[in-house]
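Read the structure below first, then the notes.
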Amino acid sequence: MRNFLIAFIVFFSSVVLAQESLLSIEKIMTDPKVWVGTSPSNIQWSDNGQTLYFNWNPEKNPIDSLYKLTAPWKTPIKVSQTEQRNLPLNSGVYNKIRTLKVYSKDGDLYLFDIKKNNVRQITNTLATEYSPEFTGDEKSISFITEGNLFLWEITSGRISQLTQFVNENEHKKAISKKDEWLKNDQEDLFEVLKEERKKKKLSEEFNEKYHPEQTPTKIQTHGARVSSIKLSPDQKFIFYSLFTPSKEPGTIVPDYVTESGYTEDINARSKVGGNTGSFEVGIYNIGSKTNYKVNTEDLPGIDLQPDYFEEYGYGQKEPRDVYTHMPVISENGQHYAISFRSVDNKDRWIGLLDPATGNVEIIEHQKDNAWIAGPGIGWSFSSGELGWLPDNEHLYFQSEETGYSHLYLYNVKNKSKTPLTKGTFEVYNPRFSYDKKSWIFEANMQHPGIRQLYKMPLLGGNIESITNMGGGVTGFEGPGNNKIAILQSLSNRPIELFLIDNVKKNTDPRRITVSQTEAWNSYNWRVPSFVEFEARDGANVHARLYKPEGTTQGGPAVIFVHGAGYLQNAHQWWSSYFREYMFHNFLVDQGYTVLDVDYRGSAGYGRDWRTGIYQHMGGFDLTDQVDGAKYLVNELGIDESKIGIYGGSYGGFITLMAMFTEADTFAAGAALRSVTDWAHYNHGYTSNILNTPELDSIAYRKSSPIYYAEGLKGALLICHGMIDTNVHFQDVVRLAQRLIELGKENWEFAVFPKENHGFVHPSSWTDEYKRIYKLFEENLKN
């Protein structure tokens, strides 16, 4: 018995050591194509539904290749370069009965006859033609090139120019006073120039009088940029989006390691606050040759000021500015939907547009005292996240009206709004089935961290589960409704391609790809425990928990803080933080417990969780980490003096706030590419949460780590890329100066000269994570 026990101990020890020896920081940070493998991506069906195309790289080449799958749907085949060049583009715009498809490829336009399997090239120019669309009668195709809208007649091949946008401001700026004098002097001296100018003017007047169809009316943009152009189906109106850029100064990021040997400047974003530019929508009436803007003056509530104005005693100000999105037109051309956002992003309006006048009837007003957002409620200026059902009577959109992002219909005939989905879950990427009889969408109905594919009748009704595979899925239905391609991943396995028979019910998904390398699969990657703990305010916090075998009593722990703020990571599919996932496995091998928290502000948990950081970043999002540390101590017996914290970007910001304001909770912290002062970050993200520094200075002071640096007690590691154009290197340089002036000693600063916000070089990843591991080893174990 004694010999048996000795043999067992020796065997068990060798297994444990073998498991540990499989992982190292160098291996974890190796190029993922070589070490992990490349998952399939860019799923596309052929128009006849007989071929499935996707990008893949099982051969570990520098770039991915195109693969295809055909009946009997088992083995992917690499597509040759010749075949790939001759393939019609899978994306494009179809006619109503899906027999024709028009698309832009390599800057030229093509028309694909699906039944005849024939491709007709429309243009062959050095210019770039894009955004093709069929007209309502499907006799012509409109497209954009060189900043204007054109029309191509399918039968005759005739091309007509429909718009002539003119920017007088640019013209005036281009001619200096000196050059203007020279121009006038030339015309005074030479009769031939006067004659040419006169002939040109007479020719233009003649064309406008006798050939008006050949002379598009000039549309002045007055310094704005034309960002989108659209022809109405009846060819009576042209809609265009005008973007007037901000005049706020940008910033400069110096690049020190360059081919030239000189320091080179990278032009980068401006800082939060000030003028942010504007988006307006203009309408050109082709029949009357008149030009006017969509009316935004009568939006309900536009003159009401945000609630936080009362905190500062601000008086009533001018009506708020708005961004106008391009209209979305029903298929029959009878209805025009349009949406607006207030510039402060606290209001969203949806309305029905009268294109003949530019007036709008508002049918939906969404207001949020924090900020408008959530799944399906994005910032697409081309559509405003709206659409029409095939019946041309129902407009669809998403709203957080119930606290979660759900799908709604508005009936333009009886003027009623109907929710299609409801519950404590969120709807993602709703789209029509191929036959346009059903909705297909992803949702986290089973659990906030499980996202599956669902089907529902267009007008609402029973929600049918298409997949029940666990983890996270994205579905791609093939033409003919016969099959659905699925990209699915698990918490311990990257994305793979599966195929589902959409006709036979309850059939198991068939796995098509195996992408991970043999070396990567040789390690037994952990499935984390998905736990919940109670925060100090009674809220339920979701987290991933990684813990070593056996007891955790008296052991060390690390809390990981994901970035981006509004991002989910305590989910059950493959994380975009895959290097960190592997590092957490490595830490567990070394005896650490790791907790990965979906703190306040994370995605997937509804509106209240999303906005839980409004006016105070470093509030509940930080206390959720502290309460997570208490959970580790109380439930797992972790030594409260041996808890560290780390994260990048927003996670780095939280790490700094933790080390400065919760110094008795965390013995060590690694802050990577961290925001240190929110007044120096970008406008789009920061102004949603903290408003602007000039109007809500208290929120910025409460939320910026640089103002709390005197609270540092534990060991701090700061890592940052020097050419970071997102969170600028200046952020941590300013913090370093602050720490120096405060006389702080227990901190280190590691810089990475050739790294942007997201590191790309394995050597940099390796160096950074070796430093993090050393920090934890020296401060959480000794």
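In whole Hz, with x marking every Gly and Pro, tabulate ³J(HN,Hα) for segment 128-140 from phi via Karplus 6.51 cos²θ - 1.76 cosθ + 1.60, θ = phi - 60°.
So the Karplus estimates, Gly and Pro as x, are 9, 9, 8, 6, x, 8, 6, 6, x, 8, 6, 9, 9 Hz.
Could you work out the local net charge near GLN625, counting Lys and Arg as +1, Asp and Glu as -1, over the other residues with Cβ closer than 12 Å to its Cβ?
-3
Roughly how far apart, in whole Å, are the Cα centres of segment 623-673 and segment 366-441?
After rounding, the separation between the Cα centres reads 39 Å.
Sequence gap of 8 or more, or different chains, plus Cα separation below 27 Å: how many lysine pairs satisfy both in segment 448-580?
So the count of such lysine pairs works out to 5.
Counting Lys and Arg as +1 and Asp and Glu as -1, what is the net charge of the other residues whose Cβ lies under 10 Å from the Cβ of ASP344?
+1
Could you calculate the contour length gain from THR215 to SER416, that is, 0.36 nm times the residue separation minus the distance between their Cα atoms, to one decimal place in nm?
68.0 nm
Which angle from 0 to 90°, rounded to the nearest 10, does the C-alpha axis of helix 177-189 make with the longest principal axis of the chain?
Taking Cα atoms only, the helix is inclined about 20 degrees.
Counting other C-beta atoms within 10 Å, and keeping those with at most 14, which DSSP coil trypsin sites (Lys or Arg not before Pro) do you find in segment 390-466?
Filter output for segment 390-466: LYS413, LYS415, LYS422, LYS436, LYS437.
In debye to the nearest 20, how big a dipole does the chain give about its Cα centre with +1 on each Lys and Arg Cβ and -1 on each Asp and Glu Cβ?
2040 debye
How about LYS33: which aspartates and glutamates have a C-alpha closer than 14 Å to its C-alpha, ignoring those fewer than 8 places off in the same chain?
Within the straight-line cut-off, LYS33 pairs with GLU59, ASP64, GLU518.
Charges at C-beta only: +1 for Lys and Arg, -1 for Asp and Glu. How large is the resulting dipole of segment 604-656 about its Cα centre, in Debye rounded to 20?
Here the size comes out at about 180 debye.
What lysines does LYS247 reach when the alpha-carbon gap must be under 25 Å and sequence neighbours fewer than 8 apart in one chain are set aside?
Hits, sequence-local ones excluded: LYS172, LYS173, LYS177, LYS271, LYS293, LYS317, LYS346.
Please report the spacing between the Cα centers of segment 503-577 and segment 83-143 in Å, no decimals.
Measuring centre to centre over Cα atoms gives 43 Å.
Provide the packing ranking of 673-684, 323-334, 457-468, 751-762, i.e. peptides ordered by the mean count of other C-beta atoms within 10 Å per residue, highest first.
673-684, 323-334, 751-762, 457-468
Among residues other than LEU87 whose Cβ falls under 11 Å from its Cβ, what is the net charge (Lys/Arg +1, Asp/Glu -1)?
Value of the local net charge: +1.
5 Å is the cut-off here: which amide hydrogens, built 1.01 Å from N in the peptide plane, fall below it relative to ILE723, excluding neighbours closer than 5 in sequence?
Those lying under 5 Å, H to H, from ILE723 are GLU755.
With the crude spin-label approximation of a point 7 Å out along Cα→Cβ, what separation in nm comes out for GLU195 versus GLU264?
Distance between label points: 5.2 nm.
Might you tell me the accessible area per residue for segment 525-568, computed with a 1.4 Å probe and given in Å²?
42 Å²
How far is helix 762-776 tilted, in degrees, relative to the longest principal axis of the Cα atoms in the chain, given as a value from 0 to 90 rounded to the nearest 10?
Between the helix axis and the principal axis of the chain, the angle is about 40 degrees.
State whether segment 673-782 is rounded, prolate or oblate according to the following rule on the C-alpha gyration tensor (a ≥ b ≥ c being the square roots of its eigenvalues): a/c under 1.5 gives rounded; otherwise a/b larger than b/c gives prolate, and the remaining case gives oblate.
Oblate.
Obtain the nm distance between the two label points defined at ASN55 and GLU710 by a simple spin-label model: each point lies 7 Å from its Cα along the Cα-to-C-beta direction.
5.2 nm
Nearest 10 degrees, 0 to 90: what angle lies between the long axis of helix 2-21 and the longest principal axis of the chain (Cα atoms)?
30 degrees
Label segment 510-631 by shape, choosing from rounded, prolate and oblate, from the square roots a ≥ b ≥ c of the eigenvalues of the Cα gyration tensor; if a/c is under 1.5 it is rounded, and otherwise prolate applies when a/b is larger than b/c, oblate when it is not.
Note, shape of segment 510-631 comes out oblate.
For segment 443-505, treating each Cα as an identical point scatterer without solvent, what Debye log10 I(q)/I(0) comes out at q = 0.12, 0.13 1/Å?
So the normalised log intensities work out to -0.31, -0.36.
What is the percent carbon and sulfur in the accessible area of the chain, measuring with a 1.4 Å probe over the protein chains and ignoring ligands?
50 percent
Using the crude model of +1 on Lys and Arg Cβ and -1 on Asp and Glu Cβ, and no other charge, please compute the dipole size for segment 555-628 relative to its Cα centre, in debye to 20.
Rounded to the nearest 20 debye, it is 200 debye.
Considering the options PRO300, LEU353, VAL253, tell which one lies farthest towards the positive end of the dipole of the chain, charges being +1 on Lys and Arg and -1 on Asp and Glu at the Cβ, about the Cα centre.
LEU353
Show the residues, 5+ positions off or on another chain, whose built amide H is closer than 5 Å to the amide H of ARG225.
Amide H neighbours of ARG225, under 5 Å, 5+ apart: PHE243, THR244.
Round to the nearest 10 and report in Å² the accessible area of VAL226, as given by a 1.4 Å probe over the protein chains' heavy atoms.
50 Å²
Any idea how far the Cα center of segment 724-757 sits from the one of segment 301-349, in Å?
Their Cα centres are 39 Å away from one another.
Round to the nearest 0.05 the FRET efficiency obtained for VAL166 and SER246 when R0 = 22 Å and r is the Cβ-Cβ distance.
The calculated FRET efficiency here is 0.45.
Which far-off residues, 5 or more places away or on another chain, put their amide H under 5 Å from the one on LEU100, with H placed in the peptide plane?
Excluding prolines and chain starts, which carry no amide H, the hits are ASN95, ILE114.
Please identify the chymotrypsin sites (Phe, Trp or Tyr not before Pro) of segment 366-438 that satisfy two criteria: DSSP loop assignment and at most 14 other Cβ atoms within 10 Å. Which are they?
The qualifying sites are TRP379.
As an exercise, use a Förster radius of 30 Å and the Cβ-Cβ distance of ASN90 and ASP31 to find the FRET efficiency, rounded to the nearest 0.05.
Here the calculated transfer efficiency is 0.55.
Enumerate the whole-percent occupancy of each 5 Å bin, from 0 to the last occupied one, for all C-alpha pair distances of segment 336-442.
2, 11, 22, 26, 21, 12, 4, 1, 0
May I ask which residue of TYR769, THR692, VAL732 lies farthest towards the positive end of the charge dipole of segment 688-782, with charges of +1 (Lys, Arg) and -1 (Asp, Glu) on Cβ and the Cα centre as origin?
So the residue furthest toward the plus end is TYR769.
If a/c stays under 1.5 just call it rounded; otherwise compare a/b with b/c (prolate if a/b is bigger, oblate if not). Do that for segment 616-731, with a ≥ b ≥ c from the square roots of the Cα gyration tensor eigenvalues.
Prolate.
Hey, can you find the accessible area per residue of segment 396-521 for me, probe 1.4 Å, expressed in square angstrom?
The answer is 43 Å² per residue.
If I compute volume of the Cα convex hull per residue in Å³ from the structure I just sent, which labelled value in [x] 224; [y] 156; [z] 288 lines up?
So the structure-derived entry is [x].
Go ahead and run the numbers for FRET between LYS74 and GLU741, Cβ-Cβ distance against an R0 of 41 Å, rounding to 0.05.
0.05
Accessible area per residue for segment 655-713 in Å², computed with a 1.4 Å probe and the full protein assembly in place, what is it?
Dividing the accessible area of segment 655-713 by its residue count gives 29 Å².
By how many nm would the segment from ALA750 to GLU694 grow when fully extended, if each residue of separation counts as 0.36 nm and the alpha-carbon distance is taken off?
Gain in length upon complete extension: 16.9 nm.
Restricting to DSSP loop positions (anything but H, G, I, E, B) with no more than 12 other Cβ atoms inside 10 Å of their own Cβ, which trypsin sites (Lys or Arg not before Pro) remain in segment 482-519?
For trypsin sites (Lys or Arg not before Pro) across segment 482-519 that sit outside H, G, I, E and B with at most 12 neighbouring Cβ atoms in 10 Å, the list reads LYS504, LYS505.
For the pair THR661/LEU304, report the inter-label distance in nm, with labels modelled 7 Å from Cα in the Cβ direction.
Going from the THR661 label point to the LEU304 one covers 3.0 nm.
The values are calculated or read from the model by the stated rules, or taken from the named source; none is laboratory data. What you see is a predicted model; the values in this text were computed from it and never measured. Backbone-built Cβ (ideal geometry, glycine too); neighbour counts: all protein chains shown. Side chains included, ligands, DNA and RNA excluded: accessible areas come from the protein's heavy atoms. Shrake-Rupley method; radii C 1.70, N 1.55, O 1.52, S 1.80 Å.
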